[in-house]
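Okay, structure first, notes after.
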Amino acid sequence: MSNKEISQAVVSRLPRYYRYLGDLRDEGIERISSQELSQMMHVTASQIRQDFNHFGGFGQQGYGYNVEYLYTEIAKILGLDTIHDMVLVGAGNLGSALVKYMNFRRRGFVFKAAFDIRKDLEGKEISGITVHSMDDLKDYVEQEQIDIAVLCIPKQEAVKVADLLAQTNIKAIWNFAHVDLHVPPRIQVENVHLSDSLMRLSYNIRQYEEGQETLPEQN
Ligand code: NAI
């Protein structure tokens, strides 16, 4: 089965499996059963088996899963066995924080340069990454064969910058601006909206509190 056929629901669970398996691997654990993984991750064992079956299983009856093998295979499916070169667009608060977060590099996502319209930021460094003029973005992306552009700019600007990036060979946009981008299908877009996550949290607080109100009082 090709990776294309794995549903987005399964794909969305893979990073979590990958993190847990990475931790197990770091602890020197060589194998794990779906039951053990299920207890750790609070996911049913049957869900784990179903998910892993989508890409060939990798488990053996009575042995469980080989942690190293599963970790490596999931990394391949997620495309983490290659380095992804990235540029930041918008070297403000959010953009700078992302560049400073070193774990992305550990996962193979490497910031090569930053770009900003503010002239006073040009030539400045953030964690060893130089901020360049926006005039140089297009050429830089082409020459350095950048894979991913990370947009940390206001939404109106993001639309314009996405149009500019569509004229390059960029493969993906990691979009933090609160706007839907319309780019050719060859460019993958992943939107990240922390406020959506907060709204879900707010909903869950309310659901929990309403549930508590309807519970019978305890002595
Ligand atoms: P900020 O004002 O600190 O930084 C924005 C930077 O973008 C500035 O340095 C500015 O000069 C630059 N910029 C503006 N237009 C540009 C353009 N056309 N080309 C290149 N650079 C440009 O703002 P902050 O806090 O870093 O937020 C950035 C954006 O991210 C905002 O639009 C905000 O709404 C959004 N945001 C999204 C979050 C999310 O969860 N998706 C969370 C926080 C912020």
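Computed from the coordinates by the stated procedures, all read-outs in this text should not be read as laboratory data. Please read all numbers here as calculations on a predicted model, not as lab measurements. For neighbour counting, all protein chains shown are included, and Cβ atoms are generated from backbone atoms with ideal geometry for every residue, glycine included.
Some points to look at:
- Candidate aspartates and glutamates for bridging to Lys112, where Cα separation is under 14 Å - those fewer than 8 sequence places away on the same chain excluded: Asp85, Glu125, Asp136, Asp139, Glu142, Glu144, Asp147
- Each residue of segment 136-143 is assigned a 3J(HN,Hα), and the resulting list reads 9, 4, 4, 4, 4, 4, 5, 5 Hz, derived from the Karplus form 6.51 cos²θ - 1.76 cosθ + 1.60 (θ = phi - 60°), x at Gly and Pro.
- Eigen-decomposition of the gyration tensor built on the alpha-carbon atoms of the chain gives equivalent ellipsoid semi-axes of 37, 25, 17 angstrom, largest listed first.
- For Val189, residues with placed amide H under 5 Å, excluding near neighbours: Ile173
- Across all Cα atoms of segment 53-153, the radius of gyration (one decimal) and Dmax (whole number) stand at 18.3, 63 Å.
- Pairs beyond 25 Å (Cα-Cα), from Lys100/Lys124; Lys76/Lys138; Lys124/Lys171; Lys76/Lys124; Lys100/Lys155: Lys76/Lys138; Lys124/Lys171; Lys76/Lys124
- For segment 96-175: rounded, prolate or oblate by the Cα gyration tensor [a/c cutoff 1.5]: rounded
- Magnitude of the charge dipole for the chain, about its Cα centre and with charges confined to Cβ atoms of Lys, Arg (+1) and Asp, Glu (-1), is about 220 debye.
- Each residue, His182 and Val11, gets one label point 7 Å from its Cα in the Cβ direction; the gap between the two is 2.3 nm.
- Considering segment 100-144, its Cα convex hull presents a mean projected area of 3.4 nm².
- Each of Ser38, Cys152, Gln207 was placed along the dipole of the chain (beta-carbon charges, centred on the mean Cα), and the one lying farthest toward the positive end is Ser38.
- Computed from phi, the 3J(HN,Hα) profile of segment 115-123 under the Karplus parametrisation 6.51, -1.76, 1.60 (θ = phi - 60°) reads 9, 8, 7, 6, 5, 5, 8, 4, x Hz, with x in place of Gly and Pro.
- The H on the amide N of Thr130, modeled in the peptide plane, is under 5 Å from the matching H of Ala114, each at least 5 residues off or on a different chain.
- Phi to ³J(HN,Hα) by Karplus 6.51 cos²θ - 1.76 cosθ + 1.60 over segment 99-106, Hz, x for Gly, Pro: 5, 6, 7, 6, 5, 4, 4, 4
- Relative contact order of the chain, pairs being alpha-carbon contacts under 8 Å that are 6 or more residues apart, as %: 13 percent
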